[in-house]
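Engineer: Pasting in a structure now, in structure tokens, and then I'll have a few things to ask.
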Amino acid sequence: MHISVIGTGYVGLVTGACFAEFGVNVTCMDTDADRIAKLEKGDVPFYEPGLSELVMKGMREKHLTFTTDVGNAIEQALVIFIAVGTPSRADGSADLSYVEQVGRGIGQHMKGYKVIATKSTVPVGTGERLREVIKAHQGEDCRFDIVSNPEFLREGSAIEDFLRPNRVIIGADSDQAVAIMRDLYRPLYLIETPVVVTNIPTAEIIKYASNAFLATKISFINEVSNLCEHVGADVQVVSKGMGLDHRIGSKFLHAGPGFGGSCFPKDLAALIRTGQEAGLSMTIPSSAAQVNENQRERMIEKIRSAVGNLKGKTFGILGLSFKPNTDDLRESPAIAIAKRLLEEGCSLKVCDPVALAPALKLLPGATPCQDAYDVAIGADALVLLTEWNQFRNLDLERIKTSLKSPLFIDLRNVYEPSRMAKAGFRYVSVGRQEIRPS
Ligand code: UDX
């Protein structure tokens with residue numbers, strides 16, 4: 001089978017490279033000629049473990065090609081995946097202009113039956129809107145089906161998530177389209193991946209509801225973590241105790257500075273907006289978003305109370321990306337907190353395994369450092385903001401002697417408090433009691 005993926009951003013490129021790995025012939029199309037030229041050399045424009053190798057393999061085995069020519073991408077393919085951006089507008093709603101632009105292109109170039117599948121997270125009703133746009137721009141009157149096939153990829157483990165998903169969602173209103181989609185995902189039947197076949201709006205909602213629920217879980221545990229600090233409880237153990245209940249589950253109960261990234265904040269905002277349009281207040285997603293905002297500010301107050309006065313202090317910052325194993329800085333709590341510290345008159349020494357260069361553009365005045373040890377030299381405190389593996393097993397003695405005072409503020413709860421006390425640190429974390437050197 002031949003498919004095309006329109007948009008070579010995060011979702012599009014992972015989708016294209018992974019379907020090529022399944023042995024499908026894939027054409028990835030993007031209007032950005034520079035990007036396509038780089039991809040043809042195997043140069044992936046963002047950091048995702050294993051993706052560059054998979055792209056190279058797909059090209060070598062002649063399953064993966066790139067083009068800037070939308071006509072070429074559409075004519076060859078039976079299934080066309082739309083994986084272009086759906087950025088947030090100021091009112092929180094998703095901007096569908098890129099999706100509609102692709103719809104116009106598909107209409108103009110299609111010469112036979114096509115399945116058009118949305119991969120990007122698109123608000124309920126987009127499938128129908130896309131159908132109208134394609135119909136209105138069709139050069140030839142041929143049949144096509146719309147499918148909603150949302151992705152659930154996590155940055156940093158996107159390939160694994162695609163090749164071994166928890167489930168595949170297919171929203172469609174045609175048996176032919178469902179059969180074609182099932183065929184495309186056939187390699188996953190071997191690993192018994194559940195496939196949920198439903199109508200288009202249901203599939204669209206599944207994606208938003210899943211992300212909003214995960215974001216709610218994080219905000220919930222963050223709110224509980226604040227209470228833990230007041231009553232002498234330990235949120236790590238609370239999460240563990242809760243998570244052992246199979247109805248709750250242990251995932252996404254890790255307290256910290258709040259969620260970031262390209263999906264959760266944007267998808268919550270879009271779900272809230274869709275609810276408002278339907279006259280529904282979407283109280284829980286709204287609260288999850290609000291708690292997430294508050295959590296960042298609480299982290300600033302935590303740092304302030306640990307050092308007394310922020311102005312004039314030097315902090316060593318560990319980690320800037322919104323989570324480990326990505327260079328993505330979108331909505332990163334680390335960036336938001338670092339920015340606020342700069343505004344408060346602090347000096348920052350910063351490091352990140354892959355996101356340092358782009359982060360510096362967002363943090364004017366911050367001093368770039370090679371690693372955690374470089375960051376610690378002369379700092380009043382170390383602040384761990386993103387839990388990269390590189391920061392999990394630091395030489396604590398070396399860190400302690402480099403710091404001006406042995407204060408470790410761990411906003412990701414990476415370290416064991418008793419170990420930090422033994423190592424001679426004053427240790428501040430999230431949802432646990434402050435520890436003094438023993
Ligand atoms: C998310 C969804 O998981 C994925 O299914 C969807 O397709 C895209 O959005 P992603 O944004 O890549 O993926 O990252 P994820 O691992 O889900 O983490 C999101 C944010 O939540 C990060 O900032 C992370 O640090 C934070 N988080 C996650 C917590 O603070 N605590 C947790 O327990 C889990």
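Engineer: With the cut-off at 1.5 for a/c, could you classify the stretch 390-438 from its C-alpha gyration tensor as rounded, prolate or oblate?
Structural biologist: Cα axes put the stretch 390-438 in the oblate bin.
Engineer: Return the ratio Rg/(2.2 N^0.38 Å) for the stretch 271-318, where Rg is computed over Cα atoms only. Don't skip to the end; give the middle numbers.
Structural biologist: Working: Rg = 17.1 Å, N = 48, 2.2 N^0.38 = 9.6 Å.
Output field value: 1.79.
Engineer: Something else: To two decimal places, what compactness ratio does the chain give when its Cα radius of gyration is scaled by 2.2 N^0.38 Å?
Structural biologist: That ratio works out to 1.07.
Engineer: Next up: Can you compute the equivalent ellipsoid semi-axes for the stretch 243-428, i.e. the square root of 5 times each eigenvalue of the Cα gyration tensor, sorted largest first and rounded to whole Å?
Structural biologist: 31, 19, 15
Engineer: Out of all DSSP beta bridges with both ends in the chain, state the antiparallel percent to the nearest 5.
Structural biologist: DSSP beta bridges in the chain are roughly 10 percent antiparallel.
Engineer: Quote to one decimal, in nm, the extra length available between Phe213 and Tyr373 on full extension: 0.36 nm per residue of separation minus the C-alpha distance between them. Intermediate results must be reported in sequence, preceding the final value.
Structural biologist: Values: separation 160, 0.36 × 160 = 57.60 nm, distance 3.79 nm.
Taking 0.36 nm per residue and subtracting the Cα distance, the gain is 53.8 nm.
Engineer: How fast does the stretch 106-177 diffuse by Stokes-Einstein, in µm²/s, taking the Kirkwood radius from C-alpha pairs at 25 °C and 0.890 mPa s?
Structural biologist: Once the numbers are plugged in, D ends up at 180 µm²/s.
Engineer: Looking at the stretch 303-387, which trypsin sites (Lys or Arg not before Pro) are DSSP coil and have at most 11 other C-beta atoms within 10 Å of their C-beta?
Structural biologist: Listed in order of number, the matching sites are Lys311.
Engineer: Please list Val224, Val375 in order of solvent-accessible area, largest first, computed with a 1.4 Å probe with all protein chains present.
Structural biologist: Val224, Val375
Engineer: Related question: What does the accessible area of Asp234 come to, in Å² to the nearest 10, when a probe of 1.4 Å is used?
Structural biologist: 50
Engineer: DSSP loop chymotrypsin sites (Phe, Trp or Tyr not before Pro) in the stretch 117-208 with at most 12 other Cβ atoms within 10 Å of their Cβ, which ones?
Structural biologist: none
Engineer: Moving to a separate point now. Which of the lysines could be linked to Lys302 by a straight reach, that is with a Cα gap under 17 Å, when you skip same-chain ones fewer than 8 residues away?
Structural biologist: Lys311, Lys313, Lys339
Engineer: Can you tell me how much longer the chain between Asp95 and Lys240 gets when fully stretched, taken as 0.36 nm per residue apart minus their C-alpha distance, in nm with one decimal?
Structural biologist: Length gained between Asp95 and Lys240: 48.3 nm.
Engineer: Follow-up question, since we're still on this one. From the convex hull of the Cα coordinates of the stretch 2-196, what is the mean projected area in square nanometres?
Structural biologist: Spelled out: convex hull of the Cα atoms, projected over all directions, averaged, 10.6 nm².
Engineer: Still on this structure, please answer the following. Assuming a viscosity of 1.002 mPa s and a temperature of 20 °C, what translational diffusion coefficient in µm² per second does Stokes-Einstein assign to the stretch 220-263, Rh being the Kirkwood radius over Cα pairs?
Structural biologist: 194
Engineer: Need one value: the accessible area of Thr283 in square angstrom, 1.4 angstrom probe, rounded to the nearest 10.
Structural biologist: We get 90 Å² for Thr283.
Engineer: Moving on to the next point. With only Lys, Arg, Asp and Glu charged, each at its Cβ (+1 for the first two, -1 for the last two), find how big the charge dipole of the chain is about the Cα centre; round to the nearest 20 debye.
Structural biologist: 1080
Engineer: Quick one: which of 215-223, 270-278 comes out on top by average Cβ neighbours within 10 Å, and what's the full order, highest first?
Structural biologist: Output ranking for 215-223, 270-278: 215-223, 270-278.
Engineer: While we're here: By DSSP, what percent of the beta bridges with both residues in the stretch 1-105 are antiparallel, rounded to the nearest 5?
Structural biologist: In the stretch 1-105, DSSP labels about 5 percent of beta bridges as antiparallel.
Engineer: How much of the accessible area of the chain, probe 1.4 Å, is carbon plus sulfur, in whole percent? Walk me through the intermediate numbers first.
Structural biologist: Working: 9840 of 18790 Å².
That fraction is 52 percent.
Engineer: Which trypsin sites (Lys or Arg not before Pro) does the stretch 1-88 hold that lie in a coil by DSSP with at most 12 other beta carbons within 10 Å?
Structural biologist: Of the trypsin sites (Lys or Arg not before Pro), the ones in loops of the stretch 1-88 whose Cβ has at most 12 other Cβ atoms within 10 Å are Lys41, Lys62.
Engineer: What FRET efficiency comes out for the pair Glu397/Arg330, r = Cβ-Cβ distance, R0 = 30 Å, nearest 0.05?
Structural biologist: Working: r = 36 Å, r/R0 = 1.21.
Rounded to the nearest 0.05, the efficiency is 0.25.
Engineer: With point charges of +1 on the Cβ of Lys and Arg and -1 on the Cβ of Asp and Glu, referenced to the Cα centre of the chain, which listed residue (Val84, Gly107, Thr283) lies farthest in the positive direction of the dipole?
Structural biologist: Working it through, the farthest residue towards the positive pole turns out to be Thr283.
Engineer: Roughly speaking, what is the centre-to-centre gap between the stretch 184-245 and the stretch 264-321 when only Cα atoms are used, to the nearest Å?
Structural biologist: 18
Engineer: Name the lysines eligible as straight-distance cross-link partners of Lys266: C-alpha to C-alpha under 19 Å, and not fewer than 8 places from it in the same chain.
Structural biologist: By straight Cα distance, Lys266 reaches Lys119, Lys207, Lys217, Lys323.
Engineer: I would also like to ask the following. Give me log10 I(q)/I(0) at q = 0.17 Å⁻¹ for the stretch 274-378, Debye formula, one equal scatterer per alpha-carbon, no solvent.
Structural biologist: -0.80
Engineer: Something else now. Calculate, for the chain, the solvent-accessible area per residue in square angstrom, rolling a 1.4 angstrom probe over the heavy atoms of the protein chains.
Structural biologist: Details: 18790 Å² over 438 residues.
Accessible surface, normalised per residue, equals 43 Å².
The values are calculated or read from the model by the stated rules, or taken from the named source; none is laboratory data. Everything quoted here is computed from the prediction, not taken from an experiment. Glycine gets a Cβ as well: all are built from the backbone with ideal geometry, and neighbour counts include every protein chain shown. Surface areas here come from the heavy atoms of the whole protein model, side chains and all, with no ligands, DNA or RNA. Shrake-Rupley method; radii C 1.70, N 1.55, O 1.52, S 1.80 Å.
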